[in-house]
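The values are calculated or read from the model by the stated rules, or taken from the named source; none is laboratory data. Everything numeric in this text was worked out from a predicted model, so none of it was measured. We place every Cβ from the backbone using ideal geometry, glycine too, and count neighbours over all the protein chains shown. Note: accessible area is taken over every heavy atom of the protein model, side chains too, but ligands, DNA and RNA are not part of it. Shrake-Rupley method; radii C 1.70, N 1.55, O 1.52, S 1.80 Å.
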Protein chains: 2
Amino acid sequence: MAARQRTRPTIYDVAREAGVSTATVSRMLNDTGQIAPATREAIEQAIERLGYLPNTIARSLVTKSTQTIAFLLPDITNPFYASLVSGIQQVALESGHTMLLCTTEGDPERELEYLNLLRAKQVDGALMDGLVVPPERIAQFVADGFPIVCLDRDVRSRSVPLVQVDNKLGARLAMEHLLGLGHRRIAHIEGAPELRISAQRLGGYREALAAAGIREDPRLVATGRFSEDGGYEATRELLGRDVSFTAVFAANDLSAIGAINALTQSGLRVPEDVSVIGFDDLRLSAHTIPPLTTIHQPAVEIARRATEILIDLINGRRVRKLRYLLEPTLVVRSSTAPAPRRRRGRGDP
Amino acid sequence: MAARQRTRPTIYDVAREAGVSTATVSRMLNDTGQIAPATREAIEQAIERLGYLPNTIARSLVTKSTQTIAFLLPDITNPFYASLVSGIQQVALESGHTMLLCTTEGDPERELEYLNLLRAKQVDGALMDGLVVPPERIAQFVADGFPIVCLDRDVRSRSVPLVQVDNKLGARLAMEHLLGLGHRRIAHIEGAPELRISAQRLGGYREALAAAGIREDPRLVATGRFSEDGGYEATRELLGRDVSFTAVFAANDLSAIGAINALTQSGLRVPEDVSVIGFDDLRLSAHTIPPLTTIHQPAVEIARRATEILIDLINGRRVRKLRYLLEPTLVVRSSTAPAPRRRRGRGDP
DNA sequence: TGGCCGGGAGTAAGCGCTTACAGTAAGCGC
DNA sequence: GCGCTTACTGTAAGCGCTTACTCCCGGCCA
């Protein structure tokens, strides 16, 4: 009723207004201990009248829990990470947690800085993706009692779990699709070399080549850094290298989109002249021209699983399984087609 | 040196270790008051030895500042919002703030729930975009001492500033481009009707039509809800309505991409048969096939400006200007072309 | 009738910091 | 030698909660 005062009401005000002690109010708020119906009623009314909102900072100081988790990632501008955020948010909300977003831009100092900041802020735990901090540091944070779950790399330590798609398998799936269409000269647009997942996808590319008895041509891989621009540039470089290829396996959808653009600009048709396959299966990829053939990652599933595990860790539950490798699947759309009979350029036996 | 104990060292431990009082340690940490060099040294060493990290929760309890801001938005999956997040993050980091991300999925209850949660968490202030809470509620939070700055709508109240692009102008720019190319029958794919920016862009569409002396045909607008799928469906609906059009102005790039897909699938060529223009200028839009003509929004600039204002508000500075309408610009790429001589279908005089 | 039990409530001690307020000692001008 | 700064430091009172401990009282059983 009264005009809002500058300083918000505290639990003392509520207690006084309801004619009980703060302990009773606290018990009611947290639903611990028994409260007589009449008392409960009085407190509820006092809260209503005062417009009281508990100060969770004060609560955290004593309970040592902030109900906050953090998600550290290099670049929110990549829609794949955005999907992860969605998934995390869902689970977090369900369990009453709120999410701090920390973008590191791939800067190792900033990662460390954030990690320390999060500790200082008494954040309950963190999800990390695409980070480059050395595993030992991560393990140390965990040893210090700060739960972490990784979304991209295996910190070989009990108590820091990993949830990710099986990247190598995904890459093989992509390659087998291309190989099955008769492609022999397949280029790869690598992600960001410093990230594990790049190496894993590159590894799958190589394995598939080897399994098909094709010798790898180093001129056929270029770095696209997981972005549209990077994919575009990498493709132009590939084109300029004067080696022929009839297909490109891009490390992610964004760079595949850049690749298609570069190819098209060079007068090459996708998929008639060159097939392109991506990785991620962004929502967007169903709408590119041509719609992108790609490897589907269950982003929301990954995020949910990881967040659930993190919350288990926070609640002191032991996690049984340390590594969750989810299965990627091939999604065939229109950016891939059988290898053309005649290849452009020379160089292929 | 010693094995990390389960409970982290506090300022008392540091004080004891350094042989000073906690007040002195605190003063050194916060750089307030003068400290003798020798004392400073001793404290620094104690901190180092103990691996001490100040507990910001305890600090917040007394200072009443959490150095945390929140960003509320409907959907992080939209790359435009992701760009905003990037911009916010930059400024926030510079000023030592960390960012809580809250996605509301356009659910009004969840918005309110979040707003209350943020208050309870003593968050210093919030940035809001794409929300549907009634303006009075927002104004009330502000009156309660919770700084808010909006990124999309004008809460007519001193003390809740607005930073956004001039949407109506942007829409007019888009339309004038189309009109200038000779298009007369222009469809519009609307955003999400409940959001202000949709109405503003639709308003610009209408104004431009009126200014060109063209009567608006209600059959020419369909709702795309700002997404690829929505744009796709809206376009199919438009196509199915049996009204002719030679151009479509989509409320954002995502729905423009969906539109191009639908058009292409129907055997129409973009831009030869139908021109398409978007709004946002996502990084991606330079790489679509064909590269998208669109209206550029200075996303990072918007985000930075808004965050700076929020921080000013938090620091108790009066903001001089309440509304910042940034200028959109036309970016011509290849998805628009002069209107074809013969239009498909009938219906146009 | 006495002893026990348990529902319901209060007291007060922190949680880990910051910050008025209050010194103390050295330095300085006269 | 005295009083007044100035530079530095300590004491202790909170910040707004939670939570052991205690306590009270009515009911119930033997």
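Annotations for the structure displayed:
- Of all residues in region A:272-283, those satisfying the criterion of being under 27 Å from residue A:327 (Cβ atoms) and buried (at least 24 other Cβ atoms within 10 Å of the Cβ) are A:275, A:276, A:277, A:278, A:279, A:280, A:281, A:282.
- Residue match in region B:88-97 (condition: within 7 Å of another protein chain (Cβ to nearest Cβ) and either open to solvent by less than 10 Å² (accessible area, probe 1.4 Å) or not β-branched (Val, Ile, Thr) (or both)): yes
- When residues in region B:104-153 are screened for being more than 13 Å from chain A (Cβ to nearest Cβ) and within 18 Å of residue B:303 (Cβ to Cβ), 12 of them pass.
- Sole exception among (1) within 17 Å of residue B:116 (Cα to Cα); (2) away from DNA strand C (no atom under 16 Å from the Cβ) for residue A:47, by number: (2)
- Within region A:37-65, tally of residues that are at the interface with chain B (Cβ under 9 Å from one of its Cβ atoms) and among the polar types (S, T, N, Q): 3
- Region B:7-56: number of residues that are of a type in the set (S, T, N, Q), more than 8 Å from DNA strand D (Cβ to nearest atom) and open to solvent by 80 Å² or more (accessible area, probe 1.4 Å): 2
- Residue-level analysis places residue A:123 outside the set of residues that are in contact with a helix residue (DSSP H, G or I) (Cβ under 7 Å, 6 or more places away or on another chain) and farther than 20 Å from residue A:270 by Cα.
- Residue B:200 fulfils the conditions (1) under 21 Å from the mean Cα position of the chain (by Cα); (2) in contact (Cβ under 8 Å) with a residue 40 or more places away in the chain except for a single criterion, (2).
- The residue that is nearest to the other protein chains (Cβ to nearest Cβ), counting only those in region A:18-36 that are of a type outside the set (Gly, Ala, Ser) and within 7 Å of DNA strand C (Cβ to nearest atom), is A:22.
- The residues listed here are B:340, B:328, B:298; of these, the one that is over 22 Å from the mean Cα position of the chain (by Cα) and not polar (S, T, N, Q) is B:340.
- Region B:168-196 residues that are free of Cβ contacts under 8 Å to residues at least 40 places away in the same chain, paired with ones that are open to solvent by less than 10 Å² (accessible area, probe 1.4 Å) and assigned to a loop (DSSP other than H, G, I, E, B) (beta carbon under 7 Å, 6 or more apart): none
- Qualifying residue in region A:66-77 (condition: facing chain B (nearest Cβ under 9 Å), open to solvent by 20 Å² or more (accessible area, probe 1.4 Å) and either within 15 Å of DNA strand D (Cβ to nearest atom) or in contact (Cβ under 8 Å) with a residue 24 or more places away in the chain (or both)): yes
- 1 or more residues more than 14 Å from every other protein chain (Cβ to nearest Cβ) and modelled with pLDDT under 95: qualifying strands (runs of 3 or more DSSP E) within region B:238-328: B:323-326
- The set of residues from region B:218-228 being buried (at least 17 other Cβ atoms within 10 Å of the Cβ) and not hydroxyl-bearing (Ser, Thr, Tyr) comprises B:220, B:221, B:222, B:224, B:225, B:226, B:228.
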